[in-house]
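None of the figures in this text is laboratory data; all of them are computed from the coordinates on show. This structure is a prediction, so every number in the text was calculated from the model and none was measured. Note that we place each Cβ from the backbone using ideal geometry, even for glycine, and neighbour counts take in every protein chain shown.
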Amino acid sequence: MPTIVLGAGAVGTATAWYLRQSGHDVVLIDRQADAGMETSWGNGGVIHASEVEPWSQPGMPMKILRWLGQENAPMLLRYSAIPHILRWGIDFARNCAPEQFRENAKANLRLALHSLRCLEEIGAETGIAYDRATRGVLKIYRSREALDNAERSSEFLARFGLLFERVTIERCVDMEPALKDTKSTLAGALYFARDEVGDSNKFAQGLAAACATRGVRCRFGETVRQVEVSGDQVRAIVTDRERIQAETVVVSLGSFTAPMLAQNGIRVPIYPVKGVSITFARDAWNSAPNVPVIDDSKLFGIVAIGERMRVSGSAEIAGYDATPALSRAKAIIDNAVFTFPEMRRHFDLSRSRVWAGLRPVSPSGTPIIGETRIRGLWINAGHGHLGWTLSCGSGQVVADLINGRNPDISMPSQGVVIRRVA
């Protein structure tokens, strides 16, 4: 029988790749016409071990409450969503305890560093072109206190493999001259040399094509209706086309993993958090930043992806509505223009792609990778804002687990990443 992977985003496609590499007869199914067309389409574009800290961190619950109703809030909780996230919210708050936050950050870092190695190996084997750039990432700060706090957090993670350095204001501008116009507002930056940039949509589609040449049956434009179970064993999946028998199914449907498995009585603690990105042609903006910049105070990121610029930010808890709110997009652009005033002359919203995707966020901020209580039914989802970063490593980890092998990575002893879902 085939091994079926549901969902062809970056995570699901990488899972199909590693399962096929280890000898499985793999079927990859997605409702879109090609791979990487939903949350993997327009994310921030950065593959970053530097951003492994979960959103469930000390002080965050009170911040979210203070931001209620503020359209330009970094994380906006819609009142309409509150009744639906009470249990998730309680778990989220528990994970904001300092010790649990540090453990979750360490778990993400281990997987991120492993995933970077896996991504490099896949790239070398397949030759996929996905606008990869290896200039590192510059995270800028406008207060000494914020910079000092960020440095302390990074120093803690450096004990577990994070590579970073603190840079002066002058070096910020030397590394990225586009910051010269707002140099006076800066306190300094942290530079993460190991971080990369790439188009996850191009990567997922290139990897799906590579999977197909190696025998994976990619079934696009096909919607999964149900995972069929008999007793405590998975038996088949039912789509809008047919029933396919299977004894091993991996659900990598991002935010839609939870409602899919709820049909089988399995609670998956993943909730969608909408993110917004704006992609536009670089054209004549010759002074646009080449080094990816994440602005800590204005809470946006800007990266060059090939000949395009992408500005991203925003976190909105509003259910499964993936419609981009223009007010949120404009707030991101206003922040970017503050940091890069020259952008105003070259940006035209009417010629840009405003996009929103649903980040699948778990209360811990770590992905859920493991077998459910139903034998043969696996989950590889819940990667939150780190889906592109953790995709390849997660794919290899779940393939190893399905094959009965210990993953080639030091995983948390308490199952922070690998867990059995009840």
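For the chain, the Cys residues with no second cysteine's beta carbon closer than 4.7 Å are Cys96, Cys172, Cys211, Cys218.
Summary of the geometry: segment 263-302 and segment 354-391, compared by the centres of their Cα atoms, lie 17 Å apart.
The angle between the Cα long axis of helix 200-213 and the main principal axis of the chain comes to about 30°, on a 0 to 90 degree scale. Distance from the alpha carbon centroid of segment 134-183 to that of segment 1-42 works out to 36 angstrom. Of all DSSP beta bridges confined to segment 3-402, the antiparallel ones make up roughly 70%. Please identify, among Gly384, Gly59, Gly404, the residue showing maximal mean-square fluctuation in a Gaussian network model of the chain using a 10 angstrom Cα cutoff. Comparing Gly384, Gly59, Gly404 in the GNM, the peak value goes to Gly404. Residues in segment 177-193 carry Karplus couplings, in order, of x, 5, 7, 4, 5, 10, 4, 5, 8, 8, 10, x, 7, 10, 10, 10, 5 Hz; the curve used is 6.51 cos²θ - 1.76 cosθ + 1.60 with θ = phi - 60°, and Gly or Pro positions show x. In segment 3-402, a dipole from Cβ-located charges (positive for Lys and Arg, negative for Asp and Glu) runs towards its positive end, and of Ser230, Thr126, Asn72 it is Asn72 whose Cα lies farthest in that direction.
In sequence order, segment 122-133 has phi-based couplings of 5, x, 5, 6, 9, x, 4, 9, 9, 6, 5, 9 Hz under the Karplus curve 6.51 cos²θ - 1.76 cosθ + 1.60, θ = phi - 60°, and Gly or Pro positions carry x. Basic side chains Lys and Arg get +1 at the Cβ, acidic Asp and Glu get -1 at the Cβ, and with that the dipole of segment 27-89 about its Cα centre reaches some 380 debye. Note on segment 258-327: dipole from Cβ charges, positive end direction compared against Asn290, Ile302, Pro269; the farthest Cα belongs to Pro269.
In segment 3-402, Cα pairs under 8 Å separated by at least six residues give a relative contact order of 29 percent. Pairs of Cα atoms nearer than 8 Å and 6+ residues apart set the relative contact order; for segment 177-276 it is 13 percent.
What ranking do Glu121, Glu38 get, fewest neighbouring Cβ atoms within 10 angstrom at the top?
Ordered from fewest to most neighbouring Cβ atoms within 10 Å, Glu121, Glu38 come out as Glu121, Glu38.
Please give the helix 144-158 orientation as an angle from the longest Cα principal axis of the chain, in degrees from 0 to 90, rounded to the nearest 10. Between helix and principal axis, roughly 40 degrees.
For the options Arg267, Arg194, Arg345, a Gaussian network treatment of the chain with springs between C-alpha atoms closer than 10 Å singles out Arg345 as fluctuating the most.
Taken about its Cα centre, the chain carries a charge dipole of roughly 560 debye when the Cβ of each Lys and Arg holds +1 and the Cβ of each Asp and Glu holds -1.
Give me the angle, in degrees from 0 to 90, between the Cα long axis of helix 10-21 and the longest principal axis of the Cα atoms of the chain, rounded to the nearest 10. In the chain, helix 10-21 runs at an angle near 50 degrees to the longest axis.
Listed by chain and number, the lysines placed with their C-alpha closer than 19 angstrom to that of Lys183 are Lys139, Lys298; residues fewer than eight positions away on the same chain are left out. Between Thr126, Thr372, Thr339, the residue with the greatest mean-square fluctuation in the GNM of the chain (Cα pairs under 10 Å linked by springs) is Thr126. Shown for His84, His385: other C-beta atoms within 10 Å of each C-beta, ranked fewest to most, produce the order His84, His385.
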